Amino acid sequence: MDAAQFEQLLQVFNRSQQELLNRIAESSSNAQTRQQQQSVQQIHTIIPPFEHFDSTKESFKLYMQRFENYLLMRDALKDKKLCHQMLINSIGSANFKLMVSLVSPKKLPEVSYDELVQKLEAHLCPKKNILVLQHRFLCTYQSEKQSIAEYVALLRRDLNDCQFVSSCECRADISNIFLRAQFIRGLKDSYIREQLLQSTESDFDKIMDKALSLEASKIDSQELNSKQHITSNDFNKIQPTFSSRRRSRSSRRSSDRHRSKSKINFSQLRIDHLCIRCGRNNHKVKDCRTNPRKLKCKSCNKTGHVKQVCIKTLMSTQNNNNVASNDDYDESIHKLHNINKIVDIHHNRPNNKNDDDKYMVTVNINGRRQNFEVDSGVKYTLINKSAFDRLNVKSQLQRSSIAFRSYTRNILIPYRKFKLQIKLTVTLVCT
């Protein structure tokens, strides 16, 4: 065997060895693929259903985010057929009926997973008016019992649906600008707001960190002041005698009576959530930083408050509303008793207790005599039931279409009205 023949033999040997290695690698990869497929099928068969959708706890969009994250953890999100089956199995009986009605006349297996999710979102999460959502966001203020972290979470939640974008062609997202502005604007603590406005920082995360640190330092300072106050009051404390305790109790009772008499119901005046100086709803009067000398009420012309929280004006308005509530009573009188109108009557009593100064005349009614008081200013004549029975009137009684109001604003509803022939003799004395 020469050198050329030996070279050919080596090439054939190497080629056969390479083919054998390729066959072994291919068979091992096929076995690994079959094993992976079997493991995936086993995983899919043992995936438990996800929790039912409850619209009272969360929106459908949030539910779908948790549902798809659950499928991603189970390595089943890529299989749309399995996602379709899992959604049907997990959404609950009440929402399953809704799902069937939304895809009708088709059946659920005939609808794809993406189309099914789209139909459910269109029904359960309809698009709201952007202007309404933006207005609601710009009216969000920090409440009295709300921390800065909770307030920021509320702003971020509402910001997702507001779609704050630039009006230029680039349509850039400017939601962070509105978030920063509304956060500073809606803070209840005026001191923290002033500190943020004095800063030149424009990044929202840094602004929020500064606000949180200011809030924490303020809370710590209040706790330290309260502890120092208790310690200073307890140091070298002298127990009061019986007489001093008695005088202190009596003084407290008198001060409590005084406060109860002068107490104003701010909730009835609808200003219990407002500062009674500047009229804003993001802080109380103890935290108000506005100079009271610069505030002037346009209603009572006094300084120290504004017209919106003017106690005198609101009290007078409340009294007027109480009087106006009689109009609702008048309306019910109209409907119940078929009354067309209500006429005010005023009984003018004489100064003395005797009725000697009244001018009385005798009127002949159906042949019977009856005394009447002469009143030239009255438009209607009223008679009580006992006097009517004494007259023994035979005419037919009719329903009255009007009622009367006294000077005490009480409504008087007549029993009946009737028509009579009255004869009156008038004597004129000329002087």
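The values are calculated or read from the model by the stated rules, or taken from the named source; none is laboratory data. Note that the structure is a prediction, hence the values are computed from the model and not measured. All Cβ positions, even for glycine, are placed from backbone atoms using ideal geometry, and neighbour counts span all protein chains on display. Side chains are part of the model used for accessible areas, which takes the heavy atoms of the whole protein and leaves out ligands, DNA and RNA. Shrake-Rupley method; radii C 1.70, N 1.55, O 1.52, S 1.80 Å.
Some notes on this structure:
- Helices (runs of 4 or more DSSP H) enclosed by the stretch 163-281 - at least 3 residues per element that are open to solvent by less than 50 Å² (accessible area, probe 1.4 Å), more than 30 Å from Thr317 (Cα to Cα) and at pLDDT 80 or above: 175-185, 190-198, 204-234
- Within the stretch 396-423, residues that are under 26 Å from Asn366 (Cα atoms) reach partners that are modelled with pLDDT of 75 or more and of a type in the set (Gly, Ala, Ser) with beta carbons closer than 6 Å, at six or more positions or on different chains, in the pairs Ile413/Ala403; Pro414/Ser400; Lys417/Ser400.
- Total residues in the stretch 144-180 satisfying the condition of being touching a residue at least 24 places away in the same chain (Cβ under 8 Å) and more than 30 Å from Asp272 (Cα to Cα): the figure is 5.
- Every pair of residues 6+ apart whose Cβ atoms lie under 8 Å, when the first sits in the stretch 89-113 and is in contact (Cβ under 8 Å) with a residue 12 or more places away in the chain and within 20 Å of Leu77 (Cβ to Cβ) while the second is part of a helix (DSSP H, G or I) and open to solvent by 80 Å² or more (accessible area, probe 1.4 Å): Ser112/Lys80; Tyr113/Lys80; Tyr113/Lys81
- Hits in the stretch 181-205 - residues which are closer than 24 Å to Cys288 by Cβ and either of a type in the set (Val, Ile, Thr) or without any contact (Cβ under 8 Å) to a residue 60 or more places away in the chain (or both): Ala181, Gln182, Phe183, Ile184, Arg185, Ile192, Arg193, Gln195, Leu196, Leu197, Gln198, Ser199
- Some residue of the stretch 138-155 being polar (S, T, N, Q), exposed (fewer than 15 other Cβ atoms within 10 Å of the Cβ) and assigned to a helix (DSSP H, G or I): no
- Residue match in the stretch 322-338 (condition: at pLDDT 65 or above and more than 28 Å from the chain's Cα centre (by Cα)): no
- Residue count for the stretch 282-293, restricted to those that are part of a loop (DSSP other than H, G, I, E, B) and among the hydrophobic types (A, V, I, L, M, F, W, C): 1
- Flag for Val309 being at pLDDT 65 or above, open to solvent by less than 90 Å² (accessible area, probe 1.4 Å) and not polar (S, T, N, Q): yes
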